[in-house]
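Since the structure comes first, as structure tokens, the remarks are kept for the end.
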Amino acid sequence: MSTAIHVSKKLEKLIKKYVTPSGSTENTGILGKWNATVFFTSGRKNWLLYNPKTHYSLILENLSVKDLPNIREMIAEELQLQLTVDSIDTTQEQVNWLLDEINFHPTDADRSAIAHINQLLYIIEFHQHPEYYKSLAELNFDLNDRIFSLDGSSRFSQLTKPKEQMKKILGVYLASSQDSPNNHSLLN
């Protein structure tokens, strides 16, 4: 599966040689595209990955330039760990299949995704204050457990959580006993 990650301009400056122009015919994985940005805590570079389809977020802590050649493996390991923490039953092989090929692209200027990322960054910054301190791992769990509306902010008839949406989508495609999708025709 090909996974497109659209990076912010700030992150693009840090990983310039890994960013490729996005093609209009690019086929994305079952989770769709992701958006990513970089943020700093205590002088360390951290990445925030956000999936607009599920509102699921993933924080990669303390990344450096030497980590970039193995970034696909790091994202896959961290995603599998976060899915486990969020009680979503997947194997590392399934996650590796989902993230088989990761392509970094320049920002897609998705205003909704950017707004959600900015809200998540505000929450992260708030909880880094000594009075309310939470580790980034605790914060990532909390971010995926917050309630949002599938209808948008103006209507609240379809309330859900990011981890519930992720569980629902992965449940359609993956079975715990298989390392590849249940029904290949569902991928189209």
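Each reported figure results from applying straightforward, stated rules to the coordinates on display, with no laboratory input. In this text, all values refer to a predicted model and were calculated from it rather than measured experimentally. FYI the Cβ positions are ideal-geometry reconstructions off the backbone, even for glycines, and counts take in every protein chain you see.
Quick notes
- Global geometry of segment 11-63, whether rounded, prolate or oblate, following the gyration tensor of its Cα atoms and the 1.5 cut on a/c: oblate
- For the chain, hydrophobic long helices are taken as DSSP H runs at least 20 Å long by C-alpha position along their axis with mean Kyte-Doolittle hydropathy of -0.5 or more; these are 71-85, 111-127.
- Among 70-81, 101-112, the peptide with the highest mean count of other Cβ atoms within 10 Å heads the list, and the full ranking is 70-81, 101-112.
- Dividing the helix sum by the residues of the chain, where each DSSP H run of 4 or more adds -39500 (n - 2.57), gives a mean residue ellipticity at 222 nm of -10500 deg cm²/dmol.
- The aspartates and glutamates whose alpha-carbon is closer than 12 Å to the alpha-carbon of LYS163, local same-chain residues fewer than 8 away aside, are ASP86, ASP89, ASP142, ASP145.
- Rounded, prolate or oblate (a/c below 1.5 giving rounded, otherwise prolate when a/b exceeds b/c) for segment 33-112 by Cα gyration tensor: rounded
- Of LYS10/LYS53; LYS9/LYS134; LYS53/LYS167; LYS13/LYS33; LYS33/LYS66, those spanning more than 18 Å from alpha-carbon to alpha-carbon: LYS10/LYS53; LYS9/LYS134; LYS13/LYS33; LYS33/LYS66
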